[in-house]
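Presented below is the structure to which this report refers.
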Amino acid sequence: MSTPSMPRSTKVMARLYVVAVLAFLFAPLVVVVLFSFHSAPRMSFPFEGFSLRWYDQVLHDQLVIDAMRRSAIAAVLTGLMTAVLGLTASLALVGARTRVRATTMVAAMVPLTFPTLLYAIGLAITYHFFGIGYSLRATIAGHVIVALPFVFLIIGASLDRFRFSLLEAAFDLGASPWLAFRKVTLPLILPAVLGATVLAMALSADEFVVAFFTAGQEKTLPLLLYARINQGLDPSLNAIGTILLVATTSLAWVSAARTSKENQ
Amino acid sequence: MKEPQRVNEPAMSADVPALELVGLSKNYGAAEAVRGIDLEVRAGEFFSLLGPSGCGKTTTLRMMAGFEVPTTGTIRMHGRDVTSMPASARPTNLVFQKYELFPHMTVFDNVAFGLRVKRVAKSDIAKRVGEMLEVTGVAELERRKAEQLSGGQQQRVALARALVNQPEVLLLDEPLSALDAKLRTRMQIELKEIQTRLGTTFVYVTHDQGEALMMSDRIGIMNAGLLEQVATPHEIYERPATPFVADFIGAMNSLKLVAGAIEEGVVVDRRGSGRVVVPAGVQPGQAVTAILRPERASLSGVTDGTHDSYLDGTVLHVVYGGATSNVMVSTEFGDITVSMVSAEQSRVVVAGEQVRVGWAADALRTVEAPVSSEAS
């Protein structure tokens, strides 16, 4: 953004602007991470020294460990289920008529614009009505529905770029439809499928509202965090937050790396 | 035409055509893409399906490959009915117009794909792929990714990928159309050499008449879903069976003649100062449409030629085209284009000049139906 023709003052201003935006974006995260290492049981300055005591405390807290395990299970299962559903739905749409395609794409977009809170309440009422009850499984089902549009759109976009005439080449060389899918279609759209899966996992690991209304006693990590906040703030919350942050950002990073690999 | 025996599988009888189409047609709704084709392609033959875009040649090829189901008709390969056989089971392989190499695979893996599907032993695969890459001249690219290749290289890999499966019939869908002119010419020669060497039956779809004339043992010319003529390149060029073939295969003049008196043993049509010898077999009084190739006509006093037929006219315009130039002359029989080798012209012709167009009587050929009046 700084070209040789720019005056020096403009360059400085531009840099300051970028720094300001980044600071605004990341300051809350920095605060959370920083105080997770605070040796004193306070979340305010002055900063008195580094310590891993909160991590030690959190990782020996059975409630936290259970919540982490549930969140991990939810993330993995949400990822797998949305990948399978998103891939099969996208593939089914390939041969469909334009109108069916357009309608389905709109239908897939609706949940993205619908307030999650209302959706979560609706889901809770539905579970109650059918006597399904509230549990981790109920939450995972909700996460699948929340994440599916993203996965569906990412894989669909990838399939739009896929040259289906390649499959004719595979058939011509003697491949069955299944073999052609495995050897040609899947390898070529795999980066998008993996990227979408990881994104779904990150969405699930981070999700609060649906979990709040459907998890019941099987609290996921964000729910536990919320409960602890109500009991009062201390740096152990920051330690939980930092663990969650590392998990989701690394997932998001892997997702971005996989998706961009396909575009190369 | 006498065909040398180049069948690669000795068990096959030479009498059974490698490919046989019987009453083949294909409709898309009300549109008839292919309207009943009968064709036999001999084993080891280089056969071209030539025609303008939309004539049904690609549809016909795709029916041979198994990508389109014929509405009616039968396809046989070496006597075996393959009409309802899926593409994957047919003894054919197709070289696609856009190559359709698998971009995520190396050249080797692309070429090995068909053999791996058929579970050929690993050592055999390595040997056969290596040999075929050698034949098509891309052995050194074995480890490259398909997406890193130039158009010409992709073309060669696509050819190797198809040929390595030793298809009974190799189908090629305008495989050279994406290459530049120079590379195309080189590939035409190479393709023909490879075909002669391997003795594989080639069915080659193209809209380029030059390409078809140069490479083919026989050509089938298609128009509006029908085969207009199936013959050797020489025959197609010299004796086009229909006005369409005559027009498509090259620039052509058409003359509407009325057979008049018999002079010196030949029937002539005299008009103004012109005298045209009517092709043999036409009775006095009959009207007939005849065609005349521009390069068979000449201008008196400008280029040499035997003229037992001649017409006087006015030069409309001269198109200089490097090695040859075309002169369009307005005559009593309509506009006639004369094509002359530039180097053989004794003088420059200009528009408005009075000239005499002449040709030898055997240059004129009759075709079944009236030729479209365009004498381009």
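Put in order of Cβ neighbour count within 10 Å, fewest first, the listed residues A:His38, B:His307 become B:His307, A:His38. Within a 10 angstrom radius of the beta carbon, how do A:Asp66, B:Asp180 rank from fewest other beta carbons to most? Lowest count first: B:Asp180, A:Asp66. 3J(HN,Hα) couplings calculated from phi for the stretch A:243-252 with the Karplus curve 6.51 cos²θ - 1.76 cosθ + 1.60 (θ = phi - 60°) are, in sequence order, 4, 4, 4, 4, 4, 6, 5, 5, 5, 4 Hz; Gly and Pro show x. Since only B:Leu299, B:Gly334, A:Phe47 are under comparison, the one whose Cα sits farthest along the positive direction of the charge dipole of the protein assembly as shown, derived from C-beta charges on Lys, Arg, Asp and Glu, is A:Phe47. The number of Lys pairs in the stretch B:19-244 with C-alpha atoms less than 26 Å apart, excluding pairs fewer than 8 positions apart on the same chain, is 16.
Given R0 = 56 Å, the distance between the Cβ atoms of B:Asp308 and B:Glu142 translates into a calculated FRET efficiency of 0.35. FRET efficiency for the pair B:Ser300 and B:His234, taken as 1/(1 + (r/R0)^6) with r the Cβ-Cβ distance and R0 = 25 Å, rounds to 0.30. The distance between label points at B:Val341 and B:Arg80 comes to 5.1 nm (points 7 Å beyond Cα on the Cα→Cβ vector). Give me D for the stretch A:61-263 in µm² s⁻¹, whole number, from Stokes-Einstein with Rh from the Kirkwood sum over alpha-carbon pairs, 10 °C and 1.306 mPa s. Answer, rounded: 86 µm²/s.
Entry note, the stretch B:19-244: relative contact order of 29 percent, from Cα contacts under 8 Å with a spacing of 6+ residues. Remark: B:Thr106, A:Thr113, B:Thr136 ranked as A:Thr113, B:Thr106, B:Thr136, counting other beta-carbon atoms within 10 Å and listing the fewest first. Between B:Ala30 and A:Val106, the simple label model (points 7 Å from Cα in the Cβ direction) yields a spacing of 3.0 nm. Within the stretch B:69-91, list the residues whose amide N lies under 20 Å from a label point set 7 Å along Cα→Cβ of A:Ser176. Label zone hits: B:84-91.
Computed over the protein assembly as shown, the per-residue total of -39500 (n - 2.57) for DSSP H runs of n ≥ 4 gives a 222 nm mean residue ellipticity of -14500 deg cm²/dmol, rounded to 500.
Taking every C-alpha pair closer than 8 Å and separated by at least 6 residues, the mean separation divided by the residue count of chain A gives a relative contact order of 30 percent.
Bear in mind that the values in this text are calculations on the coordinates, not laboratory data. Because the structure is predicted, anything quoted here is derived from the model rather than measured. In this analysis, Cβ positions are derived from the backbone assuming ideal geometry, glycine residues included, and neighbour counts consider all displayed protein chains.
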